[in-house]
Amino acid sequence: MTRIPTKQEVLDWISANPTLTSKRDIAKAFGIKGADRIDLKRILKELEAEGHLEKRKRSYRDPDRLPPVSVLQVKAPNADGDLFVRPLEWHGEGVEPIILLITRASDPALGEGDRILARLTVVHEEDHNYEARLIRRVGTNPRKIVGIFRKGAEGGRIVPIDKAGQTEWLVADGAVLGAKDGELVEAEQAGPKNRMGLPRARIVERLGDPSAPKAVSLIAIHQHGIPDDFPDKVIAEADKAKPVGLKGREDLRDIPLLTIDPSDARDHDDACYAHADDDPKNPGGHVIWVAIADVAAYVQPGTALDREARKRGNSSYFPDRVVPMLPDRLSGDLCSLHEGVPRACIAVRMQIDANGNKIGHRFVRGLMRSAASLHYAEVQDAIDGNPNDRTGPLLEPVLKPLYDAYAALKKARAERQPLELDLPERKIVLSDAGEVQSVAFRDRLDAHKLIEEFMILANVAAAETLIAKRRPLLFRVHEEPAQEKLESLRETAQAAGLNLAKGQVLQTRHLNALLNAAAGTEDAELINLSTLRSMAQAYYNPENFGHFGLALRNYAHFTSPIRRYADLIVHRALITAHGWGDDGLTEDEIARLDETATHISDTERRSMMAERDTTDRYLAAYLSERVGNEFSGRISGIARFGAFVKMDETGADGLVPVRSLGREFFHFDREAGTLMGSDTGLIIAIGQRVTVRLTEATPVTGGLELELLSIDDQALPRGRGGPAKRGTRRKAVSTKRKKDKIKRKVERKRRQR
């Protein structure tokens, strides 16, 4: 008879042979055969019941030890750059084991949140219990869901707040985290998605009342995964920062540099000053100083501050809050160019001629003291003859020379012909409680344009300097529009009786000619919107492909390092290029410039989407009390399922569903951008003036549903559309004769307009 091992012998075998833990492996190891396997099975069952073993499929393991091959999640690198990982399943007692990931040169780059399959080895080090070696990457963070929790008999459901109408998610009773019915929650996908039935999720955070005014931006922050809490280590590094002194810097404190920002600005990262050039070789010329906060002096490569800033990519701005790229100790204090306080800066002195052309520049690393922190409106008022106590003393010596230099820059701009879009920007005004008080148009003053031109000039100088010194950097790239988008713009222009030149290399001056032709007409906003939509999206790249919209060959972002990581990269490149210190761009950063460019381009788009979604929700909340009211607007988009209308008063976009247009079938022509009724011949096209009734406003999603009342002051006709079978109607519409007839009607209507 075969000797049956003791329980301790079985445990010792499993511990020594973590890859051979099935019942079959154990039986083979102890030479157990035939009926004796029943006794082995009994021992394993007893060990499992006593908690010494845990059965996983057909193998056994010590529950206080991790399996030799595990799925792990990557944590953020520590201060030394080491990557630690955590087990996704830990059922042992005591503290969760600490696992160091040992990477090899051939391993792919891993980031926080990545999931990996790795082989584990037990070690006895001071700071970790296991070492992991990558087998393969198996995925990233589980999908996040933000929605409204609806309690059920066994757990509940999450109704997503996305306007796209995504599916609901099931939440098991043990995964609700105490959430109450109707509460806003954040959840993550629990397990793989099933082919049948609703997907499952677990609630990871309760966000409170979804109807609370200040929940609006919070929804967007969580929905788009924008980090809004700084880790303790990042805050600790920021808190240790001390003001930078004059050592090794040029003293600029006697230059009356001043900041000009919105009245509610929290930080001031750029200052400027200008005066007439006293060089006799440059008659009528000007000298312009632009000084930018020296963030690189406080946020150095490889630190926790740097990793967090790169992770965020940029600050995100909402009507009720800002999610900053840097902690407030830096963004609102040490790096902010406050009035009367010495601040570290990187400044550029630029010479322009009488026609606004830059004829020379040089960069310095300096220490400045802002002469004043002003806002746009008071600067413009001073120039317009209404100075206040703050701007009065600065009017002659500082403000007027700024505007003189700007007048010269306008000449160069007119010659360069950057794209001149005229799209009014709307501003949501909130009460102290966070409720929408009004939707107003932002003022577009010469003071705004002056600062823009100064910053553009400084950005060009930064790019040119680094190109000349052959230093790697991140360019701000804006490529030419795609041909198919230009064709769509050309068709829109023709429908409005305008023309966009064809058969030549497109330049911004050609688009400006179209915009100027539309100016002052009822089609002006349509042409501006259509031109904007035809543009490619700007992005960051280590290669220089130029900036089409600004009509510039060399362009980089230099002027906002407090809120954009790209600018910090350019600052570090300038530090290295000039030999100003050891806090410049490192070789490691240079090696991953491509990766950084892609990442921060993505975070920029993420912020734009979150900011847009927040605006939509605020507008829906504002309009929710006006359901049933009529509004004027313009068709801004056409889709198979309906028409989008931009309302004049608020700029909000609402949907007219095709189902609300009557019982006739509407043919969607993608190329023409139209919907046409099969019975009435009614054509709905981009740019038409319409009157609509607001039928539904959903603040939690930002969705607005509209009813179309009239088009171009003509009442909406209703189709005969009896209860014909849907298939019959579709078949009739799909015939070649019907299609040709519709196209002819579209062209005829266009000519008539």
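The values are calculated or read from the model by the stated rules, or taken from the named source; none is laboratory data. This is a predicted model, so every value here is computed, not measured. Neighbour counts run over all protein chains shown; Cβ positions are idealised from the backbone, glycine included. In case anyone asks, the SASA skips ligands and DNA or RNA and just uses the protein heavy atoms, side chains included. Shrake-Rupley method; radii C 1.70, N 1.55, O 1.52, S 1.80 Å.
Hey, does region 586-598 have a residue that's part of a helix (DSSP H, G or I), of a type in the set (Val, Ile, Thr), touching a residue at least 60 places away in the same chain (Cβ under 8 Å) and under 21 Å from GLY302 (Cα atoms)? There is at least one residue in region 586-598 that is part of a helix (DSSP H, G or I), of a type in the set (Val, Ile, Thr), touching a residue at least 60 places away in the same chain (Cβ under 8 Å) and under 21 Å from GLY302 (Cα atoms).
Going through region 569-578 one residue at a time, which ones are open to solvent by less than 10 Å² (accessible area, probe 1.4 Å) and either in contact with a Cys (Cβ under 8 Å, 6 or more places away or on another chain) or over 21 Å from GLU452 (Cβ atoms) (or both)? Of everything in region 569-578, those that are open to solvent by less than 10 Å² (accessible area, probe 1.4 Å) and either in contact with a Cys (Cβ under 8 Å, 6 or more places away or on another chain) or over 21 Å from GLU452 (Cβ atoms) (or both) turn out to be ILE569, ARG572, ALA573, LEU574, ILE575. Scanning region 525-538 for any residue that is over 30 Å from ALA591 (Cβ atoms) and open to solvent by 70 Å² or more (accessible area, probe 1.4 Å) turns up at least one such residue. For region 654-667, the criterion of a residue being under 22 Å from VAL216 (Cβ atoms) and either open to solvent by 10 Å² or more (accessible area, probe 1.4 Å) or not charged (D, E, K, R) (or both) is satisfied by at least one position. Please go through region 515-524 and give me each residue that is surrounded by 20 or more Cβ atoms within 10 Å (Cβ to Cβ) and part of a loop (DSSP other than H, G, I, E, B), ordered by number. Scanning region 515-524 gives a single hit, ASP523.
The residues listed here are ALA408, ALA447, ALA414; of these, the one that is open to solvent by 60 Å² or more (accessible area, probe 1.4 Å) and of a type in the set (Gly, Ala, Ser) is ALA414. Taking the criterion of being out of contact with any Ser or Thr (no Cβ under 9 Å at 6 or more places or on another chain) and assigned to a loop (DSSP other than H, G, I, E, B), the residues of region 561-581 that qualify are PRO561, GLY579, TRP580, GLY581. Given the criteria in a helix (DSSP H, G or I), buried (at least 17 other Cβ atoms within 10 Å of the Cβ) and aliphatic (A, V, I, L, M), does LEU500 qualify? The answer is no for LEU500. When the residues of region 317-330 are filtered to those that are part of a helix (DSSP H, G or I) and open to solvent by 10 Å² or more (accessible area, probe 1.4 Å), the one that is farthest from ARG606 (Cα to Cα) is ARG329. Taking region 385-405 as the range and being open to solvent by 60 Å² or more (accessible area, probe 1.4 Å) and of a type in the set (A, V, I, L, M, F, W, C) as the test, no residue passes. Take the residues of region 433-476 that are of a type in the set (D, E, K, R) and in a loop (DSSP other than H, G, I, E, B): which is nearest to THR615 (Cα to Cα)? Within region 433-476, the match that is nearest to THR615 (Cα to Cα) is GLU435. In region 622-636, the residues that are in a helix (DSSP H, G or I) form Cβ pairs under 6 Å with partners that are open to solvent by 10 Å² or more (accessible area, probe 1.4 Å), at six or more places apart or across chains, as follows: TYR622/VAL436; LEU623/ALA697; SER624/ALA697; SER624/PRO699. Scanning region 338-373 for residues that are more than 30 Å from GLU415 (Cβ to Cβ) and open to solvent by less than 10 Å² (accessible area, probe 1.4 Å) returns ALA344, CYS345, GLY366, LEU367, MET368, SER370, ALA372. Screening ASP333 on (1) charged (D, E, K, R); (2) under 30 Å from GLU186 (Cβ atoms); (3) not in a loop (DSSP other than H, G, I, E, B) shows it passes everything except condition (2). The strands (runs of 3 or more DSSP E) located wholly in region 192-284 that include 3 or more residues which are more than 30 Å from ILE359 (Cα to Cα) occupy 200-208.
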